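Visitor: The structure's right below; bear with me while I get my questions together.
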Amino acid sequence: MAEQLRWVLIVISVIVIGGLLIHGLWSVRKKDRPEVSDNERVEPLQQSAPASSKPFRTEAEPKEPMQDERDEPQFGELNFDANEPQIDTSVPETPIEDDLEIVDDLETKDQSAEEAPAQMSDFVIVHIQMPEELSMQGSKLLPAVNTLGFKYSEEGFFNRHLDPAGQGPVLFRLVNMYNPGTFDIDNMEQFSTAGVSLFMTLPCDGDGLAAFNMLHSAAKKLADEFGAQILDAERNEMTVERIRQYVEQVRSFSA
């Protein structure tokens, strides 16, 4: 009898321990899984927008003013004279109308990083214009300007320095009278133009009157060499009176 009672107690103990273990496992799983009622709806997680992104604009928020999309004119654009005579197709057909556009561009390049106090300045401009339908050939122009002491510059112009060897300050320059105003030294054999221009900046380094005499002499030699006509800054035929005006202009900056 005692033996049977002992086995009964052992079986009951095993059942109780097994029940406790099953109840413990069920309790742990229940805690790990949140309960969701039938009336509750689980919302999907929304990813937060990056801090740098902009919020959507609502209708109540004022709109930013629209930027002006009109194209602004580009500084330095060249205007051309439609009344110039037609020339050979190998020559640019659009002369630069405003001579000071080239002058201003060169003067800007010549300014140093530390600019000196502003002072009054002026320019003397002389054109050498070929007859209609004729042009200056680069193969002939290059030796002519070299003979007159001009030196080619990185900007594409020919400069006449105080020293004929190409040293010292620039007294005056020779530029292409037609757009773009420069010369391609590597292709002078194929180059041609209907005119060139000489100009000097006032005040001039050194003797201004001597520099003007050199400029005028160079203009006459080039005109004789190519059978061209010398014109003043307004592209009118050069006269003795106009030369006197240039001289007085130079003197006013030499005083």
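Visitor: Please pick out the residue among Gly168, Gly156 that is free of Cβ contacts under 8 Å to residues at least 60 places away in the same chain, touching an Asp or Glu at 6+ places or on another chain (Cβ under 9 Å), part of a loop (DSSP other than H, G, I, E, B) and loosely packed, with under 13 Cβ neighbours inside 10 Å.
Guide: Selected residue: Gly168, the only one of Gly168, Gly156 that is free of Cβ contacts under 8 Å to residues at least 60 places away in the same chain, touching an Asp or Glu at 6+ places or on another chain (Cβ under 9 Å), part of a loop (DSSP other than H, G, I, E, B) and loosely packed, with under 13 Cβ neighbours inside 10 Å.
Visitor: Suppose we keep only residues that are part of a strand (DSSP E or B) and crowded, with 16+ Cβ neighbours inside 10 Å within segment 222-255. Which one would you say is farthest from the chain's Cα centre (by Cα)?
Guide: Among them, the one singled out is Ile230.
Visitor: Sticking with this structure for a sec: Could you grab me the full set of residues in segment 185-209 that are open to solvent by 40 Å² or more (accessible area, probe 1.4 Å) and either outside any loop (DSSP other than H, G, I, E, B) or over 14 Å from Met136 (Cβ atoms) (or both)?
Guide: Selection gives Ile185, Asp186, Asn187, Pro203, Asp205, Gly206, Asp207, Leu209.
Visitor: Tally up the residues in segment 130-153 that are assigned to a helix (DSSP H, G or I) and small (Gly, Ala, Ser), please.
Guide: Qualifying residue count for the region: 3.
The values are calculated or read from the model by the stated rules, or taken from the named source; none is laboratory data. Values in this document were obtained by computation on a predicted structure and should not be read as measured data. So basically every Cβ, Gly included, is an ideal-geometry build from the backbone, and we count neighbours across all protein chains shown. Quick note on the areas: whole protein, heavy atoms, side chains included, nothing else; ligands and nucleic acids left out. Shrake-Rupley method; radii C 1.70, N 1.55, O 1.52, S 1.80 Å.
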